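The values are calculated or read from the model by the stated rules, or taken from the named source; none is laboratory data. None of the values given here were measured: they were computed from a predicted structure. In this analysis, Cβ positions are derived from the backbone assuming ideal geometry, glycine residues included, and neighbour counts consider all displayed protein chains.
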Amino acid sequence: MSGYLDVFYGIHYGVSSDYPNETEENGGSGPGLYYVLSAADYASVKFKNITEFSIFVFMQFSDADSSYRESVAALTATVSEMVGYAQLPERKALSGGTVQLNPNDAEAYAQVFSSSSPNADALKLLRFGALVSAAETNWRAVDWNGNAVPPYARVFYSDDSGVLTVKDPEIVSSQNGEIANLRKTRICFALTHSISTIERVTASQVSFEWTDSGNTVHTIPCTIISSDPDAIVVEFNTSELPVGQQIKWRLAVYTTANYSSEPVYSDYIVSESVAATISVSPSGGYVSPTESNIFSWSVDQAGAVPQTKAELKWRSGTSGTFQTITINGATQSYTFPANTFPKGTIQWSVKVYTELGATISSGIISLYTQEPGAAVEALEPNGTVIESTSPILFRWSHIIETGTAQTKAELQWSADKSTWTALATITGSAKSWTAPANTFTAGTRYWRVRTYNSDNVASAWSDAATFICVGAPAAPVVVIQELSPRPKISWQVEGQQAYQVELVGIYSDGTHFGTDKQWQSPLYLADGDYTVRVRVQNEYGFWSAWGAAPLQIINTPGSAITLTAETGREVTLAWAASGFDYYIVYRDGTAIARTTEPLYTDRTSIGQVKYQVRGCYATSANYSLSDVVTVTVGTPSVCLYDLDAGKWVDLRYDASAHRSTAYSLARDIQYMQLSGRTYPVAERSEFVQRSLRVACVCFTADDRARMLSMLGHLVCVKTPEGNMVTGYIANLSETSDVFFSTYGFDVAQADAKEEIDIDEA
């Protein structure tokens with residue numbers, strides 16, 4: 001049987017986004033105005049199969065010049081009284097099914113929404129209410145004659161009761177869906193319905209049914225914790241279930257809709273009924289009798305088991321009477337004060353009472369209170385070569401199963417591993433000591449260490465460690481080979497395996513490996529006095545002192561260089577000069593190009609940038625330098641330069657009225673969980689990540705083809721906000737309709753070093 005019913009909305013009034021805290025009882029029209037409809041009076045059909053419905057609102061006049069649609073959104077919560085736009089609940093925009101209005105209509109009901117197969121979002125229009133746009137239409141609650149014309153919904157329904165299904169029952173109170181008999185168990189499931197109803201059918205009563213080995217069915221009533229049909233949660237007592245075997249069970253669910261006096265059953269499920277375990281600490285080893293000691297425990301049966309009481313027992317030695325300590329409540333630890341235990345051996349155990357009245361006990365645990373000796377290892381120096389004229393750091397380990405600190409350490413050294421001489425005595429917990437420079441003469445040396453525990457008992461001597469004492473190489477003798485704006489030097493030294501060169505206070509050339517002993521400045525120097533210095537490293541890894549030499553630089557410039565710059569999204573540099581073999585272009589002091597032409601275009605800069613051009617000779621290090629030209633680089637719209645294709649691409653259009661780009665900057669931080677540390681240790685690397693997310697619209701097939709062709713290309717992306725990223729288009733998403741295609745892509749900054757080698761043509 002089927003039919004329809006007109007259900008009226010209880011509260012209906014106007015609101016404005018421009019005046020978010022005000023209301024209008026009789027509606028109104030204009031930009032930013034809306035008509036609020038509260039929940040309809042749907043009680044008589046709330047569990048009916050809703051096949052279709054339409055919403056009608058009274059209209060007096062229209063300001064539009066042609067046919068149009070008013071937008072409709074479903075409220076997601078009930079409006080119980082008149083509130084402003086700002087106080088309305090969240091909405092779900094709905095457009096399907098709206099009927100176009102005739103702007104010449106007046107004094108009539110207008111259909112603003114219709115659905116022939118309503119989904120859950122559409123049914124919210126009946127359950128919670130609607131928000132109807134009043135941008136072009138004057139919606140009213142009364143007509144010109146003062147007659148009430150409330151909004152209403154025409155709801156069509158059938159008597160098909162549908163099929164209820166108990167879906168996906170899952171034990172959520174334990175790990176891996178296992179059943180525990182020492183505590184209450186929770187099950188979560190969903191209740192699905194094959195028809196569309198205004199309100200969801202949910203559970204009113206639930207039972208847990210299980211079958212024993214004799215196929216007898218047992219029923220345990222459940223308490224409903226949550227009645228949300230998508231996530232119904234029930235709880236029940238499982239103390240009567242057997243332990244250590246598989247349990248076959250199902251749920252019997254009675255519903256709120258009263259479709260039948262019979263329950264709806266889930267499918268049978270087989271779960272494992274697991275035994276309980278009790279964990280204790282300390283479970284063995286050493287406890288200090290002179291310190292306070294915490295004894296703790298926990299019970300697990302597919303998850304933590306709530307405790308109501310515990311009984312802790314302990315005794316001295318391995319025989320005699322146990323002393324009992326009762327802990328009421330959920331506390332799962334007890335602190336023994338210092339000096340409670342004698343030195344020697346103690347034993348302890350604990351019995352735990354659970355929330356269901358069951359008990360579980362640990363076995364008897366033996367501990368010792370007399371500290372053993374430590375194991376010691378000489379760590380460094382060991383197998384290393386050390387400069388005898390430098391201080392030497394000695395390190396060792398103090399390893400003891402009790403975890404107590406070292407109280408004293410003694411160090412010895414030997415030249416032959418036979419005769420030992422005292423080196424140092426350290427009082428306290430420090431496990432390192434530094435020998436002053438020149439403590440040892442050159443040659444092979446041996447050392448060993450022993451430590452003392454908290455009972456002042458010495459360990460055995462460690463195995464001997466070995467090191468070799470050597471000296472650093474002599475400082476190199478620096479010779480000036482060519483005195484020019486790019487000076488050349490050489491040096492003399494023995495035993496070189498690597499070297500470093502510095503222009504003091506100006507430039508460091510890093511570490512170079514090899515025996516090369518010549519160097520030319522990679523920089524052009526201005527007139528003035530400088531100091532160049534060199535140091536070398538020998539085969540043992542030791543650095544010499546610096547060898548230095550003074551430099552007096554005098555440049556003989558050529559003709560003047562006049563630099564100009566035109567800017568937009570790129571910078572075009574041009575200069576007037578004569579007599580030079582080539583030019584070097586500098587951006588913000590960094591050499592970015594070498595050219596023989598008096599022209600250069602920089603396409604990979606953004607913001608305020610400073611440029612300078614140097615005129616150079618092939619046979620001389622003399623030069624001329626232009627004045628600094630400062631420009632501001634920007635773009636009115638998003639654009640990119642395809643470095644692989646050598647073309648600019650404008651990305652001026654976007655599907656959004658308020659276009660935005662996403663710029664991100666991140667520093668790589670690695671977290672490591674270390675033993676003995678409560679919180680992870682952060683390691684900050686040098687790696688930085690920077691990226692831009694861009695969306696654009698293409699209207700023609702050529703534009704689409706060009707966009708797709710850039711996949712995998714190296715590009716430079718710029719935004720009007722002054723952001724720029726140079727990297728590869730590694731992924732490209734496309735969304736198309738009959739009008740245009742929308743593309744989205746990310747560009748991550750790549751390590752594209754722009755500084756050039758000025759000696760490479």
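Annotations for the structure displayed:
- Residue in region 605-626 that is part of a loop (DSSP other than H, G, I, E, B) and within 19 Å of residue 722 (Cα to Cα) present: yes
- Scanning region 172-196 for residues that are surrounded by 22 or more Cβ atoms within 10 Å (Cβ to Cβ) and β-branched (Val, Ile, Thr) yields a total of 3.
Condition check ((1) at pLDDT 90 or above; (2) surrounded by 13 or more Cβ atoms within 10 Å (Cβ to Cβ); (3) in the same structural domain as residue 465 (by TED's automatic domain parsing)) across all residues:
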residue: 384; (1), (2), (3): yes, yes, yes
residue: 391; (1), (2), (3): yes, no, yes
residue: 397; (1), (2), (3): yes, yes, yes
residue: 402; (1), (2), (3): no, yes, yes
residue: 409; (1), (2), (3): yes, yes, yes
residue: 412; (1), (2), (3): yes, yes, yes
residue: 421; (1), (2), (3): yes, no, yes
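- Top-ranked residue of region 143-173 - restricted to ones that are without any contact (Cβ under 8 Å) to a residue 60 or more places away in the chain and over 50 Å from the mean Cα position of the chain (by Cα), ranked as farthest from residue 271 (Cα to Cα): 145
- Within the set 649, 638, the sole residue that is modelled with pLDDT of 85 or more, surrounded by 10 or more Cβ atoms within 10 Å (Cβ to Cβ) and touching a Phe, Trp or Tyr at 6+ places or on another chain (Cβ under 8 Å) turns out to be 649.
- A single entry from 118, 169, 151 fulfils the requirement of being modelled with pLDDT of 85 or more, assigned by TED's automatic domain parsing to the domain that holds residue 203, surrounded by 16 or more Cβ atoms within 10 Å (Cβ to Cβ) and not aromatic (Phe, Trp, Tyr): 169.
- Residue identified as polar (S, T, N, Q) and in the same structural domain as residue 227 (by TED's automatic domain parsing) among 288, 261: 261
- Single unsatisfied condition, residue 482 versus (1) modelled with pLDDT of 95 or more; (2) more than 30 Å from residue 381 (Cβ to Cβ); (3) charged (D, E, K, R): (1)
- Criterion applied to 208, 189 was being within 37 Å of the chain's Cα centre (by Cα), of a type in the set (Phe, Trp, Tyr) and over 28 Å from residue 88 (Cα atoms), and the one residue passing it is 189.
- Check on residue 192, at pLDDT below 90, under 30 Å from residue 123 (Cβ atoms) and β-branched (Val, Ile, Thr): no
- When region 694-724 is filtered for residues that are without any contact (Cβ under 8 Å) to a residue 60 or more places away in the chain and buried (at least 16 other Cβ atoms within 10 Å of the Cβ), the ones remaining, listed by number, are 694, 695, 696, 697, 698, 703, 704, 707.
- Cross-chain or 6+ apart pairs with Cβ under 7 Å, region 6-27 first and in the same structural domain as residue 126 (by TED's automatic domain parsing) and touching a residue at least 40 places away in the same chain (Cβ under 8 Å), then in a strand (DSSP E or B) and of a type in the set (D, E, K, R): 6/154; 13/24; 14/24
- For region 311-362, the set of residues classified as in contact (Cβ under 8 Å) with a residue 40 or more places away in the chain, of a type outside the set (Ser, Thr, Tyr) and within 17 Å of residue 283 (Cα to Cα) consists of 311, 336, 341, 346, 348, 350, 351, 352, 360, listed by residue number.
- Tally of residues being surrounded by fewer than 18 Cβ atoms within 10 Å (Cβ to Cβ), over 35 Å from the mean Cα position of the chain (by Cα) and closer than 10 Å to residue 352 by Cβ across region 279-318: 3
- Checked against (1) part of a loop (DSSP other than H, G, I, E, B); (2) modelled with pLDDT of 85 or more; (3) among the hydroxyl-bearing types (Ser, Thr, Tyr); (4) more than 45 Å from the chain's Cα centre (by Cα), residue 78 meets all criteria but (4).
- Of the set (1) at pLDDT 95 or above; (2) crowded, with 16+ Cβ neighbours inside 10 Å; (3) within 50 Å of the chain's Cα centre (by Cα), all apply to residue 496 but (1).
- Screening residue 354 on (1) buried (at least 19 other Cβ atoms within 10 Å of the Cβ); (2) within 23 Å of residue 425 (Cα to Cα); (3) of a type outside the set (Asp, Glu) shows it passes everything except condition (2).
- Cross-chain or 6+ apart pairs with Cβ under 6 Å, region 740-755 first and in the same structural domain as residue 652 (by TED's automatic domain parsing), then among the basic types (Lys, Arg) and in a loop (DSSP other than H, G, I, E, B): none
- Each residue in region 557-596 was checked for being in a strand (DSSP E or B) and either out of contact with any Cys (no Cβ under 8 Å at 6 or more places or on another chain) or surrounded by fewer than 17 Cβ atoms within 10 Å (Cβ to Cβ) (or both), and 22 of them qualify.
- Only one of 434, 444, 451, 439 that is polar (S, T, N, Q), closer than 17 Å to residue 381 by Cβ and surrounded by 14 or more Cβ atoms within 10 Å (Cβ to Cβ): 439
- Restricting 161, 174, 213, 204 to residues that are touching a Gly at 6+ places or on another chain (Cβ under 6 Å), more than 30 Å from residue 132 (Cα to Cα) and not acidic (Asp, Glu) narrows the list to 174.
- Complete set of residues in region 253-271 that are modelled with pLDDT of 90 or more and part of a loop (DSSP other than H, G, I, E, B): 263, 266, 267, 268
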